[in-house]
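A.B. asks: Let me begin by handing over the structure; questions about it come next.
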């Protein structure tokens, strides 16, 4: 098994200029709410209070709330950044993944990876759509459907 726990600075540069990342903060959605609020201020005066609220909440979220990368996808491997030491990550090669499962819980969702050596890795995630699409793209046919998914 080639998968291992390594320092983040030792991740290989495999020639991919832009790796696909999943982060905690939904920047695209927050920017859409911000621009929608700005548009509502000028277009519809009766909804100005709602628009200002949308602007303030999205601007606060973008500027002051912390963000961190949960996982990163490359062509041959993925990196999980949920380690106790924030300088380390778990680098998992796709061929080492036996199966993966998305579990929904009321507080936080989880991605559970079963590896070829019998170990499991768990990652706290906050949405299935993008993660499921990336996992099916890189590890097709290895998803285990869970009872604990949102319906």
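None of the figures in this text is laboratory data; all of them are computed from the coordinates on show. Keep in mind that this is a model prediction, so the values were computed, not measured. With ideal geometry, Cβ positions are generated from the backbone for all residues, glycine too; neighbour counts draw on all protein chains shown.
A.B. asks: What number, in percent, do you get for the relative contact order of the chain if the mean sequence gap of Cα pairs under 8 Å and at least 6 apart is divided by its residue count?
C.D. replies: On the way: 222 pairs, mean separation 34.8, N = 151.
Across the chain, relative contact order equals 23 percent.
A.B. asks: Based on DSSP H runs of at least 4 residues, each adding -39500 (n - 2.57), what is the mean residue ellipticity at 222 nm of the chain after dividing by all its residues, to the nearest 500 deg cm²/dmol?
C.D. replies: Working: 3 runs with 44 residues, N = 151.
Here the helix-only value at 222 nm equals -9500 deg cm²/dmol.
A.B. asks: Relative to the first principal axis of the alpha-carbon coordinates of the chain, what is the inclination of helix 48-64, with its axis defined by its Cα atoms, in degrees from 0 to 90 and to the nearest 10?
C.D. replies: 40
A.B. asks: May I pose another question? Based on alpha-carbon positions alone, could you give the equivalent ellipsoid semi-axes of segment 1-71 from the gyration tensor, as √(5λ), descending, whole Å? Provide the component values of the computation, followed by the final result.
C.D. replies: On the way: eigenvalues 309, 30, 13 Å².
Result for segment 1-71: semi-axes of 39, 12, 8 Å.
A.B. asks: In degrees between 0 and 90, to the nearest 10, how far off the longest principal axis of the chain does helix 129-138 point, with axes built from Cα atoms?
C.D. replies: 30
A.B. asks: In vacuo Debye scattering of the chain, one point per C-alpha: log10 I(q)/I(0) at q = 0.08, 0.14, 0.15, 0.19 Å⁻¹?
C.D. replies: So the normalised log intensities are -0.31, -0.78, -0.85, -1.15.
A.B. asks: With a 10 Å Cβ neighbour count serving as the proxy for reagent exposure, in which order, fewest first, do 126, 94 appear?
C.D. replies: Working: 126 13, 94 17.
Lowest to highest Cβ neighbour count: 126, 94.
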